[in-house]
Amino acid sequence: MSELSDDFRTAFRHHPAGVALITATVDGTLYGLTISSLASLSIDPVAVSFSLAKESGAAGAVLAAPSFVIHLLGEDQQELANNFARPGAPRFTRDQNFRILSTGEPHFIDAPVGFRASIHSSISVGGSRLIAAEVHEVLHGQQLQQHLVYQDREYLKLSELRAASATS
């Protein structure tokens, strides 16, 4: 790996990002993966963008699915984020509180917000794929809560940071 690549990776390791979980169903099998690359893209059409580092496994399933749900995770969903970031971790268990939407996608109902979406377009960049996804529906979660943030390989709870800054 080049020095430029190392510097780039280090810079983004310290750049905080929201944590999202993408879920899809392909041929009756449920798939999911954790991402931190989600960004707002367009208001007309309503669209978001994200990147996938590979095109196999759960990422390949998202690429093949007719639609998927992008969950903006709440700060109490760190374990869920970890489970979908690590191979072999428990996924789609009863205690993770998900349901299957009438359109077929798995939806974690405790996530503050979900977007049911489909791929609008994509482009390969190096070994990754940049996805533009059109949002068809906004799913409001059962709990209002601060969103989960990831920085320097750890999850941050903004409510705790805000409370600490308010007392100082």
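Has the stretch 71-81 got at least one residue that is over 21 Å from D152 (Cα atoms) and touching a Leu at 6+ places or on another chain (Cβ under 8 Å)?
Filtering the stretch 71-81 for residues over 21 Å from D152 (Cα atoms) gives 71.
Then keep just the ones that are touching a Leu at 6+ places or on another chain (Cβ under 8 Å); that gives 71.
Checked the stretch 71-81: at least one residue is over 21 Å from D152 (Cα atoms) and touching a Leu at 6+ places or on another chain (Cβ under 8 Å).
Do we have H71 as in contact (Cβ under 8 Å) with a residue 12 or more places away in the chain, more than 18 Å from L130 (Cβ to Cβ) and of a type outside the set (F, W, Y) here?
Working: in contact (Cβ under 8 Å) with a residue 12 or more places away in the chain: yes; more than 18 Å from L130 (Cβ to Cβ): yes; of a type outside the set (F, W, Y): yes.
Answer is yes for this residue.
Do you know which of the residues in the stretch 26-64 that are open to solvent by less than 40 Å² (accessible area, probe 1.4 Å) and of a type in the set (V, I, T) is modelled with the lowest pLDDT?
Looking at residues that are open to solvent by less than 40 Å² (accessible area, probe 1.4 Å) and of a type in the set (V, I, T), I get V62.
For the stretch 76-88, give me each residue that is crowded, with 16+ Cβ neighbours inside 10 Å and either of a type in the set (D, E, K, R) or assigned to a helix (DSSP H, G or I) (or both).
Result: Q78, L80, A81, N83.
Find all pairs meeting these conditions: Cβ atoms under 6 angstrom apart; at least six residues apart or on different chains; first residue within the stretch 13-36 and without any contact (Cβ under 8 Å) to a residue 12 or more places away in the chain; second residue open to solvent by 20 Å² or more (accessible area, probe 1.4 Å).
none
State the number of residues belonging to the stretch 97-113 that are open to solvent by less than 10 Å² (accessible area, probe 1.4 Å) and in a strand (DSSP E or B).
Of the residues in that region, 3 qualify.
I need the full set of residues from the stretch 65-82 which are at pLDDT 95 or above and either on the phi > 0 side of the Ramachandran plot or among the charged types (D, E, K, R) (or both), in order please.
Hit for the stretch 65-82 is E79, nothing else.
Would you be able to tell me the number of residues in the stretch 129-154 that are open to solvent by 40 Å² or more (accessible area, probe 1.4 Å), in contact (Cβ under 8 Å) with a residue 60 or more places away in the chain and part of a strand (DSSP E or B)? Let's see the steps before the verdict.
To start, the set of residues in the stretch 129-154 that are open to solvent by 40 Å² or more (accessible area, probe 1.4 Å) comprises 129-130, 134, 136-138, 140, 142-147, 150-154.
Restricting the remaining residues to those that are in contact (Cβ under 8 Å) with a residue 60 or more places away in the chain gives 129-130, 134, 136, 143, 145-147, 150-153.
Still in the list and also part of a strand (DSSP E or B): 129-130, 134, 136, 147, 150-151.
Of the residues in the stretch 129-154, 7 are open to solvent by 40 Å² or more (accessible area, probe 1.4 Å), in contact (Cβ under 8 Å) with a residue 60 or more places away in the chain and part of a strand (DSSP E or B).
So R129 ticks every box in (1) under 15 Å from L30 (Cα atoms); (2) touching a strand residue (DSSP E or B) at 6+ places or on another chain (Cβ under 6 Å) but one. Which box is left unticked?
(1)
Of these, R91, R116, which one is of a type in the set (K, R), surrounded by 14 or more Cβ atoms within 10 Å (Cβ to Cβ) and part of a strand (DSSP E or B)? Spell out the reasoning first.
Values: R91 fails: part of a strand (DSSP E or B).
After applying the criteria, what remains is R116.
The values are calculated or read from the model by the stated rules, or taken from the named source; none is laboratory data. As the structure is a prediction and not an experimental result, all values here were calculated from the model. Neighbour counts run over all protein chains shown; Cβ positions are idealised from the backbone, glycine included. These accessible areas exclude ligands, DNA and RNA; they are computed on the full protein's heavy atoms, side chains included. Shrake-Rupley method; radii C 1.70, N 1.55, O 1.52, S 1.80 Å.
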